[in-house]
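Okay, so here's the structure we're looking at.
The values are calculated or read from the model by the stated rules, or taken from the named source; none is laboratory data. As the structure is a prediction and not an experimental result, all values here were calculated from the model. Methodologically, a virtual Cβ is constructed for each residue, glycine included, from the backbone with ideal geometry; neighbour enumeration extends over all protein chains shown. For the accessible areas, the whole protein counts, side chains as well, though only heavy atoms, and no ligand, DNA or RNA atoms are used. Shrake-Rupley method; radii C 1.70, N 1.55, O 1.52, S 1.80 Å.
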Amino acid sequence: MKEKMLVQAADGLRVPKENRANSYITNNTVKVPDSLYYRCSVTDGDLTMVTENLNNETGVKE
């Protein structure tokens, strides 16, 4: 099974989802596959990775 990662769009951006150009990632945290597409978006600064704290609440941004 492919790993997942939690991401959200950088302030003011809407990032198209992989293979779904009419669906966007906004400032809401979403779980996406750990793929090259999303890793490149994180590297470019379009997406921000979000980690979960021990209480399973969304929290610290990397």
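If we scan segment 39-54, do we find a residue that is part of a loop (DSSP other than H, G, I, E, B), more than 9 Å from the chain's Cα centre (by Cα) and at pLDDT below 95? There is at least one residue in segment 39-54 that is part of a loop (DSSP other than H, G, I, E, B), more than 9 Å from the chain's Cα centre (by Cα) and at pLDDT below 95.
When both residues are 6+ apart or on different chains and their Cβ atoms are under 6 Å apart, which pairs have a first residue that lies in segment 13-33 and is under 20 Å from E3 (Cβ atoms), and a second that is part of a loop (DSSP other than H, G, I, E, B) and open to solvent by 70 Å² or more (accessible area, probe 1.4 Å)? Partner pairs satisfying both residue conditions: P33/K2.
Tell me, which residue of segment 14-38 that is in a strand (DSSP E or B), charged (D, E, K, R) and open to solvent by 100 Å² or more (accessible area, probe 1.4 Å) is modelled with the lowest pLDDT? Among residues in segment 14-38 that are in a strand (DSSP E or B), charged (D, E, K, R) and open to solvent by 100 Å² or more (accessible area, probe 1.4 Å), the one modelled with the lowest pLDDT is R20.
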